[in-house]
1. So which of Thr364, Thr350, Thr334, Thr383 ends up being polar (S, T, N, Q), within 16 Å of the ligand (Cβ to nearest atom) and either without any contact (Cβ under 8 Å) to a residue 12 or more places away in the chain or crowded, with 20+ Cβ neighbours inside 10 Å (or both)?
2. I need every pair where a residue in the stretch 139-156 that is open to solvent by less than 50 Å² (accessible area, probe 1.4 Å) has its Cβ under 9 Å from the Cβ of a residue that is among the polar types (S, T, N, Q) and at pLDDT below 95, sequence separation at least 6 or different chains.
3. Among (1) in contact with a strand residue (DSSP E or B) (Cβ under 7 Å, 6 or more places away or on another chain); (2) more than 16 Å from the ligand (Cβ to nearest atom), which single condition is Glu312 missing?
4. With the structure loaded, tell me whether Gln110 is touching a residue at least 12 places away in the same chain (Cβ under 8 Å), under 18 Å from Ala176 (Cβ atoms) and more than 15 Å from the chain's Cα centre (by Cα) or whether it fails that test.
5. Considering the stretch 182-203 alone, what residues qualify as being surrounded by fewer than 23 Cβ atoms within 10 Å (Cβ to Cβ) and away from the ligand (no atom under 16 Å from the Cβ)?
6. Could you please let me know if Ala276 is open to solvent by less than 10 Å² (accessible area, probe 1.4 Å) and either touching a strand residue (DSSP E or B) at 6+ places or on another chain (Cβ under 6 Å) or within 11 Å of the ligand (Cβ to nearest atom) (or both)?
7. Let me confirm something: among Ser449, Ser411, Ser405, which residue is closer than 22 Å to Thr245 by Cβ and not hydrophobic (A, V, I, L, M, F, W, C)?
8. Name the residue, out of Ala81, Ala87, Ala92, that is assigned by TED's automatic domain parsing to the domain that holds Thr181, crowded, with 20+ Cβ neighbours inside 10 Å and within 24 Å of Trp173 (Cα to Cα).
Amino acid sequence: MKDWQDRASALYNGEFRPMFIGGKWCESGSGAVIEARNPANGALLATVPRGNARDIDAAVSAARAAFEGPWSKFTPFERQALLLDIAERFEAEWDRLCLSDTLDMGMPIQRTLANRRRVLGMLRFYAGQAVSIHGQTIPNSFPGEIYSSTVREPIGVVGAIIPWNAPIAGSIWKIAPAIATGCTVILKPSEEASLTVLMIARIMQEAGLPDGVLNIVTGLGAEAGAALAEHPGVDKIVFTGSTTTGQAIARAATGNLKRVSLELGGKSPVIVCRDADIEKAVPVAAMAVFANSGQICIAGSRLFVAREIHDEFLRRVADYASNLRIGHGIDTDTDIGPIISARQAERVETYLSVGASEGAKLLTGGSRATGPELSGGHYIQPTVFGGVTDEMRIAREEIFGPVISALPFDSLDEVVTRANATPYGLAAGVFTTHLGTAHKLAHRLRAGSVWVNMYHAIDPAVPFGGVKMSGYGREGGTEHMEEYLDTKAIWINTD
Ligand code: NAD
C-alpha cells in the first residue's frame, strides 16, 4: 500500500487539469471549475473545467472538421495501427491509469488492475475490426447491366456520455469503435470522475491521433451533457448511465433525429437453484453485488434462492459479506471501497432504512461503515436483506450500492416469471448443476446477458447491452461496429 500511496501523491496535487478540444488543452469559456475529490477521504485531487454549451459547440466543430478533413484520409490499416499503438501505450501506463481511477472514483486498486486484459483486449479487438468493415454486392431485379452494392461508412460525429463507475473501460468502449470505423468523438465524462479520461486523451494524442478526432469536454450533465445530446451537429449519441438520464437523452436527440444507443440501469436477478454447487455459488453470488461496492449496472441485486437451500445459502452469503474488508481503494487488501459521493451514499442509506421499514430481515450490514481510517470518505457496509418480497422497493429499484435483496422461490416457472417482472433487462445469473435447467433459464430470462455458474463476464468480442428499460444497442462484438456505421447503396448502370 505504501508504494501506491507514494505514487498517488505524485499523481494529483490539487492542480487544474484542462480539457481537450481540437487537439488543444483548454479551460472552459465559463471560467468555472469542478472539484475532483477522492471519495476515500475527501481530499482534493484536482480541478477540471466546468464545460458549457459553447465548449460543446467548439468540440463539435473540431470533430466535424477532423471527420471531413485529415481523418477521412486514414486507411483502415492506419486506423488499425493507431489502435495497436494506443494499446501498447496503455500497457506501459496501466498502473498509472488504474491508480488515477482508484483515486478519482474509489474502485479498489486490485480490481482496476484486473481490468487490464479486458481493456487492452478492447483496443486490440477493435484494431482487428477496423480492417474487417465491408459491404456486399447484391443481385437485383432490374433487367440489363445494373449493379447494386453496399458500402459501410462511418456514421460521423459521435457524442459519448459516460458515468463514473468505470471510466477506463467505459470510455474505451466508446472511443475504440469510433477510431476503428473512422468516426470522431466528443466524450463527456461524469462530473464525478473525469481525471482518468483526460489521461487517456493525452495517451491518444501522444500516439498521434489527429486533432479533433477525440475531444473531451468535462462538465455537468445538465449543462455540457444536455448540450451534447441536443446538438444538431452530432450524428449519434452513445450513452451509458441511468435510465432516467437515458430517457432525457433520447428525447433531446429527436431534434435532428440523431441515432442513439443507451446502456442503462438494471435490477438483475441471480437465481440459485436447489441443485447449485453452494460452495462455489456463495462467493460469486455475493460479489455479483458487492464488487465495486454495488456500483455496477449489472449488479445481481435480486438474489432468488430455492426454498430448500434458502436459509443455509443466506447464512453463508451473510458470513461472506461480513468478512469483506472495507477500506481505501488504494489499499491492496480492500474488498469494498468507498461510495462515489456523499449524495450517492445518502441515497444508498435511504434504501437501507426503506428495507428495514418495509419489513425485510437484516442479516448483516445495514449502515455506514465508520472508523478513524475511513474518516472523510463515504462507506457503506455490505448488506444482506432476507425475507424480501417482490413488492418491496428494495426488490424493485436500482440501489447502486452494496445491498442484496434475497427472495425464496419454489419452482422454476415461478422464478422465471418473478425474475422477469421488472422494467429492466440488463443481466441475469443462474447457479445450477443441471444442464437442462441451465439452458431453460438462460433462454427464458429476459436480459441482454445471462451468466450460468459465473457472473460479470464481459468481453470485447461478446455483445453486451440491455433489453426493456435497460436500453438498446450493443457494445462489444461485431454488433458494436453497426452502431458506428451507416450503409450506403450504390447503383451502377453499365449499359
Ligand atoms: P447518470 O445518468 O446520472 O449520469 C451519467 C452521465 O450522464 C454523466 O456523465 C452525467 O453527467 C450525464 N448526464 C446527466 N444528466 C444528463 C442530461 N440531462 N443530459 C445529458 N447527460 C446527462 O448516471 P450515474 O449516476 O453517473 O451512473 C449510474 C447509472 O449508470 C446507474 O443507473 C447504472 O446502472 C448505469 N450504468 C449502466 C451501465 C451499462 O452498461 N448498462 C454501466 C454503468 C452504469
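1. Values: Thr364 fails: within 16 Å of the ligand (Cβ to nearest atom); Thr334 fails: within 16 Å of the ligand (Cβ to nearest atom); Thr383 fails: within 16 Å of the ligand (Cβ to nearest atom).
Sole residue among the options that is polar (S, T, N, Q), within 16 Å of the ligand (Cβ to nearest atom) and either without any contact (Cβ under 8 Å) to a residue 12 or more places away in the chain or crowded, with 20+ Cβ neighbours inside 10 Å (or both): Thr350.
2. Within 9 Å, the pairs are Ile146/Thr494.
3. Failed condition: (1).
4. Details: touching a residue at least 12 places away in the same chain (Cβ under 8 Å): yes; under 18 Å from Ala176 (Cβ atoms): no; more than 15 Å from the chain's Cα centre (by Cα): yes.
No: the conditions fail for Gln110.
5. Listed by number, the residues that qualify are Met199, Arg202, Ile203.
6. Considered against the rule, which asks whether it is open to solvent by less than 10 Å² (accessible area, probe 1.4 Å) and either touching a strand residue (DSSP E or B) at 6+ places or on another chain (Cβ under 6 Å) or within 11 Å of the ligand (Cβ to nearest atom) (or both), Ala276 comes out as no.
7. Values: Ser411 fails: closer than 22 Å to Thr245 by Cβ; Ser405 fails: closer than 22 Å to Thr245 by Cβ.
Criteria check complete, one pass: Ser449.
8. Working: Ala81 fails: crowded, with 20+ Cβ neighbours inside 10 Å; Ala92 fails: crowded, with 20+ Cβ neighbours inside 10 Å.
On inspection, the qualifying residue turns out to be Ala87.
The values are calculated or read from the model by the stated rules, or taken from the named source; none is laboratory data. For clarity, every value in this text was computed on a predicted model and none was experimentally measured. Positions of Cβ are backbone-derived with ideal geometry, glycine not excepted, and every protein chain shown enters the neighbour counts. Side chains are part of the model used for accessible areas, which takes the heavy atoms of the whole protein and leaves out ligands, DNA and RNA. Shrake-Rupley method; radii C 1.70, N 1.55, O 1.52, S 1.80 Å.
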